[in-house]
Each structure stands twice: as C-alpha cells, then as structure tokens.
Amino acid sequence: MLLVDLHLHSDCSDGTETPENLALMARRHSIAVASLTDHDTVEGVPSFLKACKKWGVKGLSGVELSAEYPSTMHILGYGFDPSHDGMCVELENLRRHRDERNLEIIERLRAIGLDISIEDVLEESKGDVVARPHVARAMIRKGYSLSMRDCFERYLKRGAPGYVSRKRLSPERSISLIREAGGVPVLAHPIQTSRNLLELKNILFSLKEMGLWGLECLSRHHEADQIYQYMAMASDLGLHCTAGSDYHGSNRIGVSMGVPVAEDLLPWARLGISL
C-alpha cells in the first residue's frame, strides 16, 4: 500500500494553501504521488511540480474542469501540458466569464443592501480563479454571515438573491481539451454526479464514448461499499480507477490529504509516473 492524492486544491482556486505548501504537506504526509487539480485553472501547476521535485514527491500536472450534463459534473485531467495553447485559451475564456459573473453577483448583493465591492472579494483571493467562495469569505469578514454554509444558503446558492449562473464546458469539450493537451480525463467523485447506480453507469458509458479514461473510485466523498461499487463499474466499462481526497485546506473541515491504494491499482506508466 502507498498514499497518493490526485485531487488537491490550492489558493489559486478555492483552497487555502499555496501550491508550494501543498507539495511540502504531501511530503510530510508521506504521499508518494500528488496532483494539483484546481478548478478551471493551471496557474499553480508549474510551481507545484517544482516544489514536488524539491521535496521528493512524484508530481503530476492536473486540473478540474466544471462541465454541464445536464447538472454540474467535474472532469479531472492528468499528465497534460499546462502550457498547451488550446487549454490556456479555453481556461482564459472561462476566467473572463467568471470575472463578469462576479461583478453581477456583487451588483445583486448591493441591490439588497449589502455593502460589498469587488475589491473586498479580491482581498480573499490570491490566485487566478475568483469565485463564489471568495465572495462568501468577504461577506463573512464584513459580518453579513457566520459561515460558508450560511452564506451560500442565504445569498449565493441557486435561487438565492445573489445567484448568477455561470458558463461551463460540455463534458465532450472538457474531455477533448484534456486529450488534446496530452492528458487523460477522469470523472471526479462520481457520488456527486448521480447516486443512482444505473443512471451513473449510463452516464459513464456516454462519457467513455466521448473519450473518458478513468473514474475517481477512491475518494474521501465515498463510503467503503460505494468504492467497491465504483471499482466494479469502472472494470465493467474498461475505465481506470484513480484516487484523491478533494483536499481544500482549512475551509473543508474533516478532509485530510492522502488516500491509501494498492501499488498496482493505478496505471502509473500511462500517467507518466515511475515508482
């Protein structure tokens, strides 16, 4: 058995740790292989990989793309070129749309009497991606809410006064983008895509036809029986199993880094990893 973590978030998106500190934490947790998979950005990948090399951790380029099918699903990408032109252009388009969305969210919050500005929100973000969690942190700091959960429930979730829909890629585009950049696409935490196993299997079948390569079977989101069900489903469909914690740092209580796996579980060679 060894510890791996192919699902980590830094302060370049909605995590609390820097990419460099995540690499150091991986070393301290005796994690053998790690991947930084920030939401819709690869900003932190170069510094993360450099720090992994420094600390003797096998580092893997990563990203988590948000897709719509018809509800939100997340497609992880591994082992791609983070400087690939197509990837960079698509992610820049998403960033620009997210920036426009943030301004509209703030306008809606100000319309109901909340004194909040884009400058307040930017103070909460250190990275390329500025999103609703940063708006929520700014609102908590200004005393409008006591917690992230409360803030989303009252102001930011779908149907709340500050909610604005966002642009997402299609699953097919997410998968093709990762493959064009030389990587492999994996469906993240399948429990969040569907709790109905038959429905999930049908979705996975469609995604496999689009080019899906793997399924994040081992996750902190999954109970033991679910892990076995997902591993069996992956085997039936010819998908590879991957493992990750979805670690975000101090803003996700109860989630720790590292997932134990058997050394022969993951296809290391295809991921570009030599153990």
Translational diffusion of the chain, µm² s⁻¹ [Kirkwood Rh, Cα pairs; Stokes-Einstein; 4 °C; 1.567 mPa s]: 68 µm²/s
Among HIS97, HIS240, HIS248: highest mean-square fluctuation, GNM of the chain, C-alpha pairs under 10 Å: HIS97
Residue-wise HN-Hα coupling along region 109-115, computed from phi with Karplus coefficients 6.51, -1.76, 1.60 (Hz; x: Gly, Pro): 5, 5, 5, 9, x, 8, 8
GluC sites (Glu not before Pro) lying in DSSP loop within region 212-275, provided at most 16 other Cβ fall within 10 Å: GLU223, GLU263
Antiparallel DSSP beta bridges within the chain, percent to nearest 5: 45 percent
The chain: Cys lacking any partner C-beta under 4.7 angstrom: CYS12, CYS52, CYS88, CYS151
Per principal axis, descending, Cα span of region 90-156 in whole Å: 35, 22, 21
Distance between region 174-219 and region 109-124 - C-alpha centres, whole angstrom: 36 Å
Kirkwood Rh and Cα Rg combined as Rg over Rh, evaluated for region 223-275: 1.02
Relative contact order (percent, whole number), region 1-111, Cα cutoff 8 Å, 6+ residue spacing: 21 percent
Zone residues, region 229-264, relative to SER147, backbone N less than 15 Å from point 7 Å out along Cα-to-Cβ: 251-255
Total lysine pairs whose alpha carbons fall under 21 Å of each other in the chain (8 or more apart, or interchain): 5
Virtual spin-label span in nm between ALA269 and VAL164, 7 Å along Cα→Cβ: 5.0 nm
Coarse-grained scattering of region 1-92 at q = 0.12, 0.14 Å⁻¹, given as base-10 log I(q)/I(0) from a Debye sum over alpha-carbon atoms: -0.35, -0.47
Most mobile listed residue (GLY56, GLY44, GLY113) in the chain, GNM with C-alpha springs under 10 Å: GLY113
Residue of VAL121, VAL89, VAL42 that the Gaussian network model of the chain assigns the largest fluctuation, springs spanning Cα pairs under 10 Å: VAL89
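Values quoted throughout were computed directly from the atomic coordinates according to the rules given, and no laboratory measurement underlies them. Here the structure is a predicted model, which means the values were calculated and not measured. Virtual Cβ from ideal backbone geometry, glycine too; neighbours counted across all protein chains shown.
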